[in-house]
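One structure is given below, encoded as structure tokens.
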Amino acid sequence: MSHNSFGHLFRVTTWGESHGPAIGCVVDGCPPGIPLTPADIQRDLDRRRPGQSRFTTQRREPDQVKILSGVFEDETTPGPVTTGTPICLMIENLDQRSKDYSDIKDSYRPGHADYTYSAKYGVRDYRGGGRSSARETAMRVAAGAIARKVIAEMRIRGALVQIGPHHIDRKNWDWEEVDNNPFFCPDKAAAAKWADYLDGIRKAGSSIGAVVEIIAENVPAGLGAPVYGKLDQDIAAALMSINAVKGVEVGAGFAAAALTGEENADEIRLDEAGKPVFLSNHAGGILGGISSGQPIVARFVVKPTSSILTPRRTITRQNQEIEIMTKGRHDPCVGIRAVPVGEAMMALVLADHYLRHRAQIGCAD
């Protein structure tokens, strides 16, 4: 299996399976001299960690990260700092229940990657989805925490803006509210309604999809490159690589199809200091594949969790037609825990493009 690495100058390779002894990643290309401790990474991991509410999988994983290489500390450093060499991170898997999958080891679960992995490789780890499990995203979040330190002046935040057919009211958007509810929801009133709605979905043994919005602020103008190195191209690829994501949009996205040219074009004026000011942000902070200095806004759609209690028709590895019901511990809405994952992927892309820009042009303003 190839294609387990992401990025160019700031490059991440993840490894491990859902029910293996551990998962991990190697971060290559991190500049030296950046203070880094496990606590710096743990903060982000704790936001993604399973089992923190009744609305996520009840798999109990502490997700305690270990830094195995790439940092150094002695009397000349202010604490542990990066050395510029590969940083290896590891998290042990402690709450696997492989027996939950023994009854379906020969069956292809509808909506999962069981059939496609088997068709491609001829062998698959059926325990929790193996390599295709969203368990792998813990290491993306860990790597993203390091990326954030590379681009410390940029601010990356995410929020859940829709569950099923239920949208937030953008007039109620409050970033302070995001960490006050189990949904990463910026709308307090919507979060209360979502709780009742998702309780019904969960008790029915079903699942539902969601939309996540990621906003990056204080991004300097000039990141990205024309044609094949576009910033929005890499952001879209990064977000699409997250498990269960089925669509990505930047700025106005698909809604731009309903806008006129006059409505869609972000007009520009000068502020008192003579710097450009955009009067709107339909472009999502990116023009021609290059950041404009405006906030970068991206959204992605997460499909409903495929593991549900309702019997579904499928086939087995032996080409038998059967019905299957997936038991075990699963997220009724996997989009909830995708919020910190989306933030991490945005951080990885911006850190990579920041270093690429610095290598070609010089320091970004």
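The values are calculated or read from the model by the stated rules, or taken from the named source; none is laboratory data. Computed from a predicted model, the values in this text were never measured in an experiment. Quick reminder, even Gly has a Cβ in these numbers, built from the backbone with ideal geometry, and neighbours come from all protein chains shown. Please note that ligands, DNA and RNA were not included when accessible areas were found on the heavy atoms of the full protein model with its side chains. Shrake-Rupley method; radii C 1.70, N 1.55, O 1.52, S 1.80 Å.
One residue is enough: does region 19-31 have a residue meeting the conditions of a type in the set (Asp, Glu) and either more than 20 Å from ILE91 (Cα to Cα) or in a helix (DSSP H, G or I) (or both)? So far as region 19-31 goes, no, none of its residues is of a type in the set (Asp, Glu) and either more than 20 Å from ILE91 (Cα to Cα) or in a helix (DSSP H, G or I) (or both). Every condition in (1) under 30 Å from THR316 (Cβ atoms); (2) open to solvent by 30 Å² or more (accessible area, probe 1.4 Å) is met by LYS149 except one, and the failing one is (1). Quick one: would you say LYS171 is touching a helix residue (DSSP H, G or I) at 6+ places or on another chain (Cβ under 6 Å) and surrounded by fewer than 18 Cβ atoms within 10 Å (Cβ to Cβ)? So LYS171 fails the test.
Counted as qualifying within region 281-358 are the strands (runs of 3 or more DSSP E) with 2 or more residues that are open to solvent by less than 20 Å² (accessible area, probe 1.4 Å) and modelled with pLDDT of 95 or more, namely 296-302.
If only residues of region 178-190 that are part of a helix (DSSP H, G or I) and touching a strand residue (DSSP E or B) at 6+ places or on another chain (Cβ under 9 Å) are counted, the one that is surrounded by the fewest Cβ atoms within 10 Å (Cβ to Cβ) is VAL178. With respect to ARG157, determine if the residue is open to solvent by 40 Å² or more (accessible area, probe 1.4 Å) and either part of a loop (DSSP other than H, G, I, E, B) or closer than 20 Å to ARG299 by Cβ (or both). It is true that ARG157 is open to solvent by 40 Å² or more (accessible area, probe 1.4 Å) and either part of a loop (DSSP other than H, G, I, E, B) or closer than 20 Å to ARG299 by Cβ (or both). Screening LEU68 with (1) modelled with pLDDT of 90 or more; (2) more than 25 Å from HIS3 (Cβ to Cβ); (3) open to solvent by 40 Å² or more (accessible area, probe 1.4 Å); (4) not aromatic (Phe, Trp, Tyr) gives one miss only, at (2). Might you let me know whether region 8-16 holds any residue that is within 13 Å of ILE87 (Cα to Cα) and basic (Lys, Arg)? Within region 8-16, one or more residues are within 13 Å of ILE87 (Cα to Cα) and basic (Lys, Arg). Between residues in region 325-353 that are acidic (Asp, Glu) and residues that are open to solvent by less than 20 Å² (accessible area, probe 1.4 Å) and modelled with pLDDT under 95, which pairs lie under 7 Å by C-beta distance while being six or more apart or on different chains? Pairs found: ASP331/THR56; ASP331/THR57.
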